[in-house]
Amino acid sequence: MRLRHIEVFNAVMLTGSVSAAARLINVTQPAVSRTLQHAELQLGFALFQRSKGRLLPTSEALTLYPHIEKLFSQLDSVQQLAKNLKITGSPKELRVLSVPALSFEVLPHAIKLFRVRNPDIGITIKALHSPQILAALLQQDADVGFLFSPGVHAALTQEHLADGRMVCIAPHGMLPSRVVKRGSIRLAELAQGVHMPVIGLDAQDPVGRVLSQALRDSGADGGSTPAGLKFDIVVQTYHSALALAHHGLGLALVDSYTAASADLSRVDILNLEPMLPVPVKALAHAGTPGSVQVRAFIRCFEQALRVMQVQ
């Protein structure tokens, strides 16, 4: 199928008639009919059945359509990228992406620092998951993204800003007082003795993968201990785990930046042993030189991370 065939086919699938398809793509009805007939002739099978002025898709058309939808989605991405290339470098707006875990405490502090010297720069913020941040940066739909341990991509630059660590958020009274006073808890301890409810992270998440690997290495995943560490609840966002811990539903294993939002009147924070680092990276598109404002914001974000580590 040629691109023109695909455009007409998509329009008919969306509207259900030749006349409506013609209006949608701004051509004449005869042009739509001719293009559709030519497409069917080339393909060797019918795409639509005519019934009472409507065009009903054949089974072949229904099989083709999901692939056509995907193609148009990719075309939309190309158009958005072209638009972004046109506006890139605007000195009055900063487009910032962050994983949710960094958007509750670190990001607001970074913006506060940035505002002191750049009060006239508009800032657009989106809290997204890591794959969405990577996709947006590749499409140049943002100026900078902050996330944990991203995958390397040739079209993106990355700068290591800091290392957080994994911690355990424990509702008051859930852990023995001697463990709370010690200020740390080992993964193996969570898998032994009386069962305690543990809230885990999605293993597809970067931090979740670090935790899963540590569990395998320590044998706390059940591979070498009788009980093994089993998650009663698995969440996708770290603040969801924190919220569940606040309500006494289990021990939350999260990053130290999420832990900065913890209500210490309701929970205790313990370091998780062995120490599991949580690297924080700043990513940008390699083909677009970072503006002065972008570099300044990265430095403010780095400073905010240091403040969180001290706290």
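What's the local net charge at F148, with K and R +1, D and E -1, over the other residues with C-beta under 11 Å away?
Counting the neighbours of F148, the net charge comes to -1.
Nearest 0.05, what FRET efficiency do R266 and R4 give at R0 = 51 Å with Cβ-Cβ as r?
Once rounded, the FRET efficiency stands at 0.20.
How would V27, V280 line up from fewest to most surrounding beta-carbon atoms within 10 angstrom?
Listed from fewest to most nearby Cβ atoms, that is V27, V280.
Using 1/(1 + (r/R0)^6) with R0 = 35 angstrom and r between the beta carbons of L138 and Q213, what's the FRET efficiency to the nearest 0.05? Before the final figure, lay out the partial values.
Values: r = 27 Å, r/R0 = 0.76.
Once the sixth-power term is evaluated, E becomes 0.85.
Can you give the relative contact order of region 163-278 as a percent, counting alpha carbon pairs under 8 Å and 6+ residues apart? Present the calculation step by step, with values, prior to reporting the outcome.
Numbers: 211 pairs, mean separation 56.8, N = 116.
It rounds to 49 percent for region 163-278.
For the chain, modelled as a GNM with alpha-carbon contacts under 10 angstrom, which of P197, P108, P57 fluctuates the most?
Judging by the Gaussian network model, the answer is P57.
Over the chain, what is the relative contact order in whole percent, taking alpha-carbon pairs under 8 Å and six or more residues apart?
In percent, rounded to a whole number, it is 23.
Before rounding to the nearest 500, sum -39500 (n - 2.57) across all DSSP H runs of length at least 4 in the chain and divide by the residue total; then give [θ] at 222 nm in deg cm²/dmol.
Calculated mean residue ellipticity at 222 nm is -14000 deg cm²/dmol.
Per 0.36 nm of contour for each residue apart, how much would the distance between S51 and S33 grow if the chain were fully extended, relative to their Cα-Cα spacing?
Using 0.36 nm per residue and subtracting the Cα-Cα distance, I get 5.0 nm.
With Rg and Dmax of the Cα atoms in Å defined as stated, name the option among [x] 20.7, 66; [y] 26.5, 83; [z] 18.5, 54 computed from the structure displayed.
Answer by label: [y].
Bear in mind that the values in this text are calculations on the coordinates, not laboratory data. Just so it is clear, the structure is predicted and the values come from calculations on it, not from any experiment. Methodologically, a virtual Cβ is constructed for each residue, glycine included, from the backbone with ideal geometry; neighbour enumeration extends over all protein chains shown.
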